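The values are calculated or read from the model by the stated rules, or taken from the named source; none is laboratory data. What you are looking at is a predicted structure, and each value in this text was computed from that prediction instead of being measured. As a convention, Cβ positions derive from the backbone with ideal geometry for all residues, glycine included, and neighbour counts pool all protein chains shown. Just so you know, the surface numbers come from the protein's heavy atoms only, side chains and all, with ligands and any DNA or RNA stripped out. Shrake-Rupley method; radii C 1.70, N 1.55, O 1.52, S 1.80 Å.
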Amino acid sequence: MIFISIGSLVGWLAISLLGFARFRDPRHQVLFSGSLIAVAVVTTFVVLHSASLGVFFFGIGATAALVRLTRAWRRLPAGRLK
């Protein structure tokens, strides 16, 4: 049981810190933040089976990743996602 607690704490810390990662290239930022949000959503509904646990577990990191994702999406050059 202690390993599950430690694993949960490490996972929460990792997602929280990775959500604040910042890249100069908006394409890399969109890819990284989008992947982080996708992992959070899949983990929430497949592993945890509870939206409230997902919000508790991924709240800070996912919110920061969403903010970075929207800002990077606005800075993308139009029509050039390659």
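Give the residues of the range 61-77 that are within 9 Å of the chain's Cα centre (by Cα) and either among the aliphatic types (A, V, I, L, M) or part of a loop (DSSP other than H, G, I, E, B) (or both), sorted by residue number.
Matches in the range 61-77: Ala62, Ala64, Ala65, Leu66.
Does the range 37-52 include one or more residues that are exposed (fewer than 13 other Cβ atoms within 10 Å of the Cβ), assigned to a helix (DSSP H, G or I), polar (S, T, N, Q) and free of Cβ contacts under 8 Å to residues at least 40 places away in the same chain?
yes
Can you work out which of the residues in the range 1-36 that are closer than 13 Å to Leu69 by Cα and not in a helix (DSSP H, G or I) is least open to solvent (accessible area, probe 1.4 Å)?
My answer is Gly19.
Restricted to the range 53-82, and to residues that are of a type in the set (Val, Ile, Thr) and free of Cβ contacts under 8 Å to residues at least 12 places away in the same chain, which residue is surrounded by the fewest Cβ atoms within 10 Å (Cβ to Cβ)?
Here the residue is Thr70.
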